[in-house]
1. With each label point set 7 Å from Cα along the Cα-Cβ vector, what nm distance links residue 171 and residue 1?
2. Helix 259-271 against the longest principal axis of the chain: what's the angle in degrees, Cα atoms only, rounded to the nearest 10?
3. Using the basic label-point model (7 angstrom from Cα toward the beta carbon), what is the residue 54 to residue 305 distance in nanometres?
4. For a label point 7 angstrom out from the Cα of residue 31 toward its Cβ, which stretches of segment 47-72 have the backbone nitrogen within less than 17 Å?
5. How do the peptides 160-173, 77-90 rank, highest first, by the average count of neighbouring beta carbon atoms within 10 Å per residue?
6. Report, to the nearest 10°, how far helix 116-136 tilts away from the longest principal axis of the Cα atoms in the chain, using its own Cα long axis and a range of 0 to 90°.
7. Between rounded, prolate and oblate, where does segment 1-47 land on the alpha carbon gyration tensor, with a ≥ b ≥ c its root eigenvalues, rounded for a/c under 1.5, else prolate if a/b exceeds b/c?
8. Given (i) 131; (ii) 165; (iii) 144, which label gives volume of the Cα convex hull per residue in Å³ as computed from the coordinates?
């Protein structure tokens, strides 16, 4: 399964790098890569090299990082909350992080230079995830319905704050804020890749180390404690990792929902609930889905470009509705 995901990731990345208004054959892509890393090959013409390395590759790499972050965050959320309906976007973390980013844009903040928007998104996302966790937890456990209703409330409140920022923003700021609301990778550059890279790597490298403890937590809180798991500490650490991954993604791509819901659940259905595969597998699957989604967003209505966040929501919403009804039917109702 892992080998299949890696192969799909490589294929989607290469296809995405070659397809667009300026077509680049696969052989030329491989030749250019080989030439850059000193393994033979040859350089393309000036236009081809510029398009490939200054436009396509930054966008592909950014799509892979954002998709991996959202997929991994979704798997961790579902493990922490113990249900398949948890996802950073559904319960408001993405929109909460976007509030920080949009606020930084509208208020013209620059205290961290180029890192200001990312820092504000991280802090806002962290506050949001802690708030959702606190409000959805009752009697030592988290109810699915409470989780979803809390997410609805947080999303509504975040939308209101974004609306206020738009009201007070000027035209240039409104244009930039729209990017956060719709979600897009159209402004991908190497500096943006480098801005999100450390946050994404830290989260993606830390997450797999908690796979075994998540498997034990799936048995229930009491059995997990008897087996030596500090449940509250585990949840706090993983919530911080989720906030880091989600904020990193939102800081550069805006609100892209449902990736963290769809990917882990499909992998769980295909390969079982074990987190040793599910956590890294969700990162790989998320990267594949978002890279393919970005390719569709910029080619489906060419020369126009569809907002990536709109596209993922368009396909993710029916899946969420099906999952909601399936879960309710299996549980015999919510009561």
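1. The two pseudo-label positions are separated by 5.3 nm.
2. 80
3. 1.6
4. Answer for segment 47-72: 47-53.
5. 77-90, 160-173
6. 20
7. It comes out oblate by the Cα gyration axes.
8. Identified label for the calculated read-out: (iii).
Values quoted throughout were computed directly from the atomic coordinates according to the rules given, and no laboratory measurement underlies them. The structure displayed is predicted, hence computed values, not measured ones. All Cβ positions, glycine included, derive from the backbone under ideal geometry; neighbour counts span all protein chains shown.
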